[in-house]
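A quick write-up on the structure given underneath.
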Amino acid sequence: MKKTRSSDFSDRSSAAADARLKLVEAHRAAREAAEPTRLAKQAERLAVATARDQRRAEREQAKADELERVRAEAAALQAAADAAAREESEAREKANMDRATRVVEDEAARKAERDRRYANRKARQR
């Protein structure tokens, strides 16, 4: 079937403009109808993003707390090791000093004994 109506440029132009207008109106109507859904989805995405950021912050804080605890524990162990090394060093130094003192005392005692024997020998000779 052929169209019997003759269509000139102005008729086609006005029909195209009407079609575009209907498309724009249909788009606006669809957008307005979807607005509550869009807002709900946007709010949901915002809530999810906020929760994700909060969980990330909590994880980072937990990692920082754990790192601080490990550092404090390591510092305490290092301090204990340093104290033990210092005590050992002091004990070794004290033992060396005691040994040196005993050697000097023993040497003094030997000298005193030698001097006593010498004095006795000289006394017998006179």
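The values are calculated or read from the model by the stated rules, or taken from the named source; none is laboratory data. Treat the numbers as computed from the prediction; the structure is a model and nothing was measured. As a convention, Cβ positions derive from the backbone with ideal geometry for all residues, glycine included, and neighbour counts pool all protein chains shown. Just so you know, the surface numbers come from the protein's heavy atoms only, side chains and all, with ligands and any DNA or RNA stripped out. Shrake-Rupley method; radii C 1.70, N 1.55, O 1.52, S 1.80 Å.
How large is the dipole of the chain about the Cα centre if only Lys and Arg carry +1 and Asp and Glu carry -1, each at its Cβ, rounded to the nearest 20 debye? About 700 debye. Taking every protein chain into account, the accessible area of the chain amounts to 93 square angstrom per residue (probe 1.4 Å). Between the residues 21, 108, 36, the greatest Cα displacement towards the positive end of the dipole of the chain, with unit charges on the Cβ of Lys, Arg, Asp and Glu, is found for 108. Between residue 52 and residue 28, take the C-beta separation as r, use R0 = 41 Å, and let me know the FRET efficiency to the nearest 0.05. Working from the Cβ atoms, E equals 0.75.
Taking the longest Cα principal axis of the chain as reference, the axis of helix 9-125 is set at about 0 degrees. Gain on full extension, evaluated as 0.36 nm per residue between residue 122 and residue 64 minus their Cα-Cα distance, stands at 12.4 nm. The simple spin-label model puts a point 7 Å past each Cα toward its Cβ; for residue 40 and residue 72 those points are separated by 4.8 nm. With a Förster radius of 41 Å, plug the Cβ-Cβ distance of residue 108 and residue 81 into 1/(1 + (r/R0)^6) and report the FRET value to the nearest 0.05. The formula returns an efficiency of 0.55 here. Expressed per residue, the C-alpha convex hull volume of the chain stands at 212 Å³.
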